[in-house]
Amino acid sequence: MSGRRSSWFLIPARSSRFGHYFEQMATILFAVLLVAGWLIVRGSGRGTVLAAWTVSLVAILLLFNYHVGAKLPLNF
Amino acid sequence: MTGRLGFWLAHLFVLAYCGVLIGGFAVQFVTGDLPCPLCILQRMAMMLVAFGPLYIIVRTRRGDVRLADYAMGYGMSIVAAVVGAAIAVRQILLHIVPPDPGYGSPILGLHLYTWAFITFCVVLVFCGVSLIFARALVPRGVRFGWPSKVVCGLFLVIVAANLVVVFLQAGFHWFLPPDPDRYEIFHSLAFWDGGAISGGAAE
């Protein structure tokens with residue numbers, strides 16, 4: 001792979017005790033998205049769709065927060 | 001007439017993001033650039049964005065779409081696009097200081113995360129315009145036929161494919177490797193030489 005290889009995402013975030021669970025969340029999150037997509041396609045009600053979409057969004061924000069919280073070896 | 005236009009624009013929206021996600025797969029499998037965690041987050045945000053028009057398409061099963069459902073669909077897309085744009089900007093800023101070459105290979109002169117940011121901006125403009133003309137564009141007199149089924153099926157297949165691929169990449173480890181240049185699951189299961197876990201993948 002070309003380009004810079006960054007390793008910043010391996011450094012535990014502020015909540016190092018639980019931070020490592022977030023990496024594994026990528027697989028789980030796609031499963032949540034698949035369920036949400038399935039609920040939409042099968043024609044679930046407005047409330048169900050909104051709830052599934054909101055759960056997915058919050059999970060993505062949590063994972064993003066983990067990455068934002070990680071210390072970066074940028075060497076400026 | 002404009003009701004039909006709104007219906008097919010929703011299809012075009014989902015198909016466009018299907019194309020972008022398939023393009024991401026093409027870069028991953030053809031050039032060998034494995035996605036980093038932020039790239040994966042952007043893929044997730046794209047899926048969340050596409051849920052909006054997908055919801056509008058599926059509502060046509062029950063006849064004409066209500067204005068509230070139309071607004072909810074594109075409202076979902078706007079919120080998800082803002083989140084996706086924030087993730088893309090985060091990655092752009094990580095590599096903005098020269099002489100950082102950026103992460104992965106550039107496509108048509110821009111890195112994939114920059115393209116992702118552009119797609120999220122396009123979504124914001126599209127949804128804004130669609131909501132301005134919402135009364136005219138709400139799908140009316142349309143039928144949930146085979147093109148709609150194909151679009152919905154294709155999108156779900158792409159989400160499922162991402163689930164499988166990211167599992168292959170992350171394996172059973174708590175951490176993704178620092179340099180995502182291999183599929184950890186195969187190494188964990190010792191399918192080839194040096195099956196030991198390395199690169200910080202294990203804990």
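Of the residues in the stretch B:13-30, at least one is farther than 29 Å from B:V138 by Cα and touching a Gly at 6+ places or on another chain (Cβ under 8 Å). Note on the stretch B:97-130: residues that are in contact with a Cys (Cβ under 9 Å, 6 or more places away or on another chain) and among the hydrophobic types (A, V, I, L, M, F, W, C) amount to 2. The residue that is farthest from A:M25 (Cα to Cα), counting only those in the stretch B:16-63 that are free of Cβ contacts under 8 Å to residues at least 60 places away in the same chain and among the aromatic types (F, W, Y), is B:Y55. Listed by first and then second residue, the pairs linking a residue in the stretch B:130-141 that is assigned by TED's automatic domain parsing to the domain that holds B:A10 and open to solvent by 10 Å² or more (accessible area, probe 1.4 Å) to a residue that is modelled with pLDDT under 95 and in a loop (DSSP other than H, G, I, E, B), with Cβ atoms under 7 Å apart and 6 or more places separating them unless they lie on different chains, are B:R140/B:D64. Being in a loop (DSSP other than H, G, I, E, B), more than 8 Å from chain A (Cβ to nearest Cβ), surrounded by 20 or more Cβ atoms within 10 Å (Cβ to Cβ) and in contact with a helix residue (DSSP H, G or I) (Cβ under 8 Å, 6 or more places away or on another chain) is a condition met by at least one residue of the stretch B:57-71.
Evaluating A:M25 against the criteria (1) within 7 Å of chain B (Cβ to nearest Cβ); (2) at pLDDT 70 or above; (3) farther than 30 Å from B:V65 by Cα leaves one unmet condition, (1). Of all residues in the stretch B:24-56, those satisfying the criterion of being touching a Ser or Thr at 6+ places or on another chain (Cβ under 9 Å), of a type in the set (V, I, T) and surrounded by fewer than 24 Cβ atoms within 10 Å (Cβ to Cβ) are B:V27, B:T31.
Looking across B:L156, B:L163, one residue alone is more than 15 Å from B:V14 (Cβ to Cβ) and in contact with a helix residue (DSSP H, G or I) (Cβ under 9 Å, 6 or more places away or on another chain). It is B:L163. With respect to A:V49, is the statement that it is open to solvent by 10 Å² or more (accessible area, probe 1.4 Å), modelled with pLDDT of 90 or more and part of a helix (DSSP H, G or I) true? Spelling it out, it is not the case that A:V49 is open to solvent by 10 Å² or more (accessible area, probe 1.4 Å), modelled with pLDDT of 90 or more and part of a helix (DSSP H, G or I). Going by the conditions given, is B:Y17 in a helix (DSSP H, G or I), hydroxyl-bearing (S, T, Y), within 17 Å of B:V125 (Cα to Cα) and within 10 Å of the chain's Cα centre (by Cα)? In short, yes. Just to be sure, is B:V27 part of a helix (DSSP H, G or I), of a type in the set (V, I, T) and at the interface with another protein chain (Cβ under 9 Å from one of its Cβ atoms)? The answer is no for B:V27.
The values are calculated or read from the model by the stated rules, or taken from the named source; none is laboratory data. Not measured: the values here are computed from a predicted model. Cβ sites come from the backbone with ideal geometry, for glycine too, and all protein chains shown count toward neighbours. Surface accessibility is based on the protein's heavy atoms, side chains included, excluding ligands, DNA and RNA. Shrake-Rupley method; radii C 1.70, N 1.55, O 1.52, S 1.80 Å.
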